[in-house]
Amino acid sequence: MKIRNRPILAGLAASSLLACGAPPSPVKSGPVVSVKPQESAVATPTQKPPALRRDPHAGPLGEKASIVKWGIGVEVKAPAGVSILEPDDLHPPPGDRSLLAIVVTELLWLDDGNLVIGLGDGSVTAVDRDQKRLWTVGFRGAVRGLVSTEQGQIAVTTDAGVVALVSPEGKVRWERQIMADDLTPVRLGPKGLLLVAGPRGVLAFSPEGELVFSHAASLPSDICCDKDPKTAFSVDASTGRVKAKDLDFGIDDPHIPIPSPEPSFSFSYEKVFPDGVFSLLASGPDELYGIAVAGDKKYEVVRLKDGKVKRIPIPQRSARAEVVDEETKKRERPRLDIDGIVNGPNGNPWLLARRVFDPEPGQMYWGAPAASQLLELKGDSVRERNDLQKEFEDNPATTSSGTMMVAAREGTANLFCYGYDSGHGCGLWEKSGFRPVESKNKVISVNRVGDKTMVVTDARQVFRLDGASLVPVESPKGALYGTFAVAGTGDADRWFVSGPSAMVFHEVQGKTTPIPTPSTFEGGLVVRAPNDAWTEYGAMHWDGNRWSTIWGAPSGKVVLRGANEVWVGGAKGIFRGIPSSLTPVRVPAAKSADEGALAEAPPLTLGATLAGYAVARTSLVVKGGEPVTKGKRIAVARDGTIWLETWDRLVEVDAEGKATLLRDDEKRISFDRWFFPEARGRGILSHRERESEAFNERDTLLKLEDGKTAPADVLLLHQDVVAIDGNGSGVTWILGTTGAGSPWSAKSSRPFELAPHALVRAEDKGKFLPVLGLPSANFVDLAVSPDGGAFFVGALNAGPTGEGILFHARGRLGAEGATRYRAPATLFGVAAIANDEAWAVGAAGAILHVKGGGVTRYTLPSGEWLRAVVGSGPNDVWIGGDGGTLIHWNGRELQPVDHGLGAHAAFTGLAISRGTLWAVSPSGIVRIAKSRG
Amino acid sequence: MIAGIHRQFRNLSGCLVGIVVAALPSIAFADTPPEPLPKLNRKIVPISIVKTKTGFVHLAEGAKSNDPPAKIISVHGRSATDLWFLTEDAVLLHDDGKRIVDRYVKPCGWGEFNREFNGVGTHVFQVVTDKDAVHVIGEERNANSRVGSEVYGSLGKDGKWSCKGNSAIVPALAVSGGDTTWRVGHNMDNDACRIRASNGFCTSGPRWAPSFVEPVGDTVDMGIHTVALWMLGVDDGFAITMDEAWRGSLHRFNGVTWAPIAKIDSNTRISDLWADEERHAWIVAGGAVLHYDGRTVKSMGFAASVGARAVRGTGARDVFFLGDGNMIFQWDGARFREGQLAFEPSDLWAAPGGEVWFVGPDGVAVTAPLSEGH
């Protein structure tokens, strides 16, 4: 595909993309501003392409390395013999002791005989000829490519969009995360250019890490791993041609930049109806309909008019009896399944439905026989229409969603299409009734485009309704998967949606231009004006110049009511969206405190057992329940109020030691710090709908006032909340992660990888604002410093192993600067001691002490996993973890604490209230205070 | 029934999964030649529980009957006078030590079980008691399912049955630490709750643990099975997993995560696990016996050829094992002893009073209490 200058390109956004946060990025973050295609910064190549000197799996002495089946090791065949490198040999201490798998993904043999190995947890490890580990450095995402550059550097790519250049000694020269897609290994271009491709296009970096250009293209989602020479991503360094399936351009050609995945904050949403709906219809300037489904599939029409809600019941069964079970021939009134609501041709809302019969023997419930059915809402009642009954009987449906009847959901529906591939048809409403319309293929969508009716068939072809005939309309060329949907305001403004890709086609005055989108398109489009279009499910908006992902957009069906007024009906209710002036907080680009691979941290020598403190095992009496004897997490408000989580309850302990039940419906498996007390009876907490399945969409935020909870006015969207903390002076941060949850979810696309990972509030009554600029990571904990900044800790990847991260955003709302510190393993807890001082602890005995921009790393000799840390000052820091580990830092040394819970206890929460340390564990709770006298 | 006996291993892998247990000892156990073992010095009393035309009868000691045995496959209880038996036909029997005092025939409306056809139907296989209830667990499958849905019935102290299973927990086995019954599910879906206690506590199994950082796709654990479990409470327990390469790992729970303790040789079939009052684990693997003493796992020198397949005990010095056929073995704190039953047992249970009960489709037996044994 070759893109030349076109007028429409003036409206396109250049990619101003995010960096990982390691070295200073030469690419500025910020609004997307470019209005014309970038001219290439690279001159026509003249030099010869760099030749691949040898097989990357072959060493300089002819050694061979190969990945053992399932990636569970590396087999090295050397003159001295064959050896197997176990993943144990390839790693510093792993990140979570319970999660075992590390798979080898890539190999690269360097000229000096060292072997570089990429792993599924983002680690890149070098071993010497004796297979001794030399260094390891971690990246976000599984390592996808290791390529040696002409200068002998190692170009690393990952499936999370990271591109980095590492020296043979393990120093990270630069690291970028421009997009979050699964990238190919680097291909070397002329003049040292490093090119990679992902589903949304091609990126080219200079050897110094500058983004030279991005080139938007719709490439297959598996381009990362395509090894077919005909379709794989390739760069001819002698000609400068870049090729892949349906892609062919020169590096000095103009480029349509890939839009930044960073969301736009241009809309805000208010909930106007609390229950889930699955279809939405605007029937007049102030009238809206939705289909709600209650438990046990009881459908009802919801009418919103003049701010009032009216619920109208829908018959649950068809009006007439039919043979429902072919075996028994018994006649019953079949069940009605409702699929949607449209504006009927007679002016009333019509419901698209199916009559459902019993499955035949051997049929699964999703393939049971059904027949299409039309219903009409007239006044406050729903009745069946029998206009197309004969056609419906001749072209039966099933309970599969692929056989739903389709009709235009915008404007007035006049064409109804039904059946499935082996028997289908359409009916066109005319004054005297329906008239058949023939289509060779089954129609999968019907759309109003201006005053025209257009359809798309399952052959991905577009037709215009002309009389009672379907006339072919030429689809844009270059659509990766053909056309899936069509929309627009008229012949001069039409959109063609190409399958699941990040590219749509806009036809203006007959001229078609591919427009890249910031994330993959789902469904069709809803278009109100040439400068106001939305994706069918409300995630992205076209403002006339560019498509942007809208932060905060609820997921659901969209209807448009006026200029920039969008209504979204989905599983969480009906929302009204209007333009917003919300401005996100932006953490500045981070400097890195480390050059790359970390040296082995020195083992820590513990002092004598702590003396001069009284230790008491604690049990809390809670009114109306069992005493609290064990805990998971604990937090303290500035007034000393404690919130303590047991496995099934959250209790509040006031200054007098009285314990009160706050909640008993948060039975979590994870050990997130999901609550933050602000004062007695007041605080913030997250509510998790379910522990499983709806990962990253399962948490809502609640405010607790006077013991009562109410929804907070903001969500940390597309994230699981992992920690909430404040500085006692009003600044409160809420931290999330996108990587938690299902093992499957981490494999899917990462549309919110570069979205806000946190919210921050400047004062107690203030509004939470989304935070941009935090690196993509699997965060675990945060601690807010007195200046309103925060320290964030976690891992680069969602376990099981790999490098940890400590990120510090300084100053009020973290706006004054940021520093990133590498950690040898996942960090589980952090405590802010001062504006520039923090302690962080983690897996395998890892301890980091950050002070004044410097960092000291320790390793606890026992190697126990450390899970919590708290401090009241630089000379009073407590650390707890597995194996009965509880230690105290007095400013000079760390001393073990004799706590009485035994060597098996795992301390998971620490807090200091009124001079007393509370240490909680699934094995018990202890309080520790200085002995009197 | 001891879970390891009934479990059907299925290789469902196909996933890229490796396994690493950092710096763990690997337990290899040679099949030492069998030496003559001293005889069991505990009296074993045969018990006759038969199925009559009208129900089930616990015959008095020495009494004879022509009625067939009750075909008991699982036993558990709270004391020598509060015993629960589960029959092959899904009948739950309550026994006071002398007579059957209650029976519950398919109490939750359970259907038939077709043993011959891919295990299709309702298969209840284990009874477990705790201080609050008596639990019967099983699995319901159709011809197409690899793992079906949970079958679960719980008889409360009020005499009422609760029949609500949990689709997320298709039990592979269940154990009771006394206060609580624990069910462990197959690792077949993406539900983080793999191990569920009867009091509602829920945690993950090894490799799907309640980590502070949850796992990535590489760790998809379709091929990982938790094959044995013994929980000591919400902050302690043992589990053994086997991965798709048939490598076993012993893990210990600390209330947060499962820490791998030892590897077990590849292709060693893990049959059962039990932990004594010293929180030491006894493992039956490949027919032999392994012991975890709190620091290391070592082979007890018990020959694999005797075919140990299940373990329970009344204490660290009174551990019983089911062996091949009708053989049983006891570890008395210093040595193994052997004994023989008149039938092939499928399950055993050690009562708090020191008696050990053995059940099988063809018979029931109980040892004398520990105090009378020596």
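Annotations for the structure displayed:
- Annotation: extensible slack from residue A:856 through residue A:316 equals 187.6 nm (criterion: 0.36 nm per residue apart, minus Cα-Cα distance).
- The mean sequence distance of close C-alpha pairs (under 8 Å, at least 6 residues apart), as a share of the length of chain A, puts its relative contact order at 9 percent.
- For the range A:826-933, GluC sites (Glu not before Pro) are listed when DSSP marks them as loop and at most 14 other Cβ atoms sit within 10 Å of their Cβ; the list is A:893.
- Within straight-line reach of residue A:851, meaning a Cα separation under 18 Å, sit the following lysines at least 8 residues removed in sequence or on another chain: A:591.
- Applying 1/(1 + (r/R0)^6) with r as the Cβ-Cβ distance of residue A:387 and residue A:655 and R0 = 56 angstrom yields a FRET efficiency of 0.20.
- Residues of the range A:607-646 with amide N under 19 Å of a point placed 7 Å along Cα→Cβ from residue A:893: A:607-613
- Nearest-20 debye value, the protein assembly as shown charge dipole, Cβ charges on Lys, Arg, Asp, Glu: 1380
- 31 Å Cα-Cα threshold exceeded, pairs from A:305/A:330; A:658/A:930; A:623/A:703; B:71/B:160; A:623/B:157; A:271/A:298: A:305/A:330
- Those residues of the range B:310-354 whose amide nitrogen sits under 20 Å from the label point placed on residue B:82, 7 Å along Cα→Cβ: B:313-315, B:348-354
- Beta-bridge orientation, the protein assembly as shown: approximately 95 percent antiparallel, per DSSP, counting only bridges with both partners inside.
- Counting lysine pairs in the range A:124-258 whose alpha carbons fall under 17 angstrom apart, excluding pairs fewer than 8 residues apart on the same chain, gives 4.
- Where chymotrypsin sites (Phe, Trp or Tyr not before Pro) fall in DSSP loop in the range A:448-497, at most 16 other Cβ within 10 Å: A:481
- Between residue A:298 and residue A:689, the simple spin-label model (points 7 angstrom out along Cα→Cβ) gives 2.1 nm.
- Cα centroid separation, the range A:643-707 to the range A:445-504 (Å): 50
- Alpha-carbon centroid distance for the pair the range A:520-585 / the range A:822-894, whole angstrom: 45
- Shape annotation for chain A: C-alpha extents along the principal axes are 98, 79, 56 Å, from largest to smallest.
- Other residues with beta-carbon under 11 Å from the beta-carbon of residue B:182 carry, at +1 per Lys or Arg and -1 per Asp or Glu, a net charge of +1.
- Of the GluC sites (Glu not before Pro) found in the range A:550-642, those in coil by DSSP whose Cβ has at most 11 other Cβ atoms within 10 Å are A:600.
- With the simple spin-label model, which puts each label point 7 Å out from Cα in the Cβ direction, the residue A:238 to residue A:308 separation comes to 8.0 nm.
- FRET efficiency for residue B:45 and residue A:84, using Cβ-Cβ distance with R0 set to 45 Å, rounded to 0.05: 0.25
- At R0 = 45 Å, FRET efficiency that the Cβ-Cβ distance of residue A:55 and residue A:555 yields, to 0.05: 0.45
- Label-to-label distance, residue A:629 versus residue A:332, with points set 7 angstrom from Cα along the beta-carbon direction: 5.2 nm.
Bear in mind these aren't lab numbers, they're just calculated from the coordinates by the rules spelled out. Being a predicted model, the structure only gives us computed values, none of them experimental. Note that each Cβ is placed from the backbone with ideal geometry, even for glycine, and that neighbours are counted across all protein chains shown.
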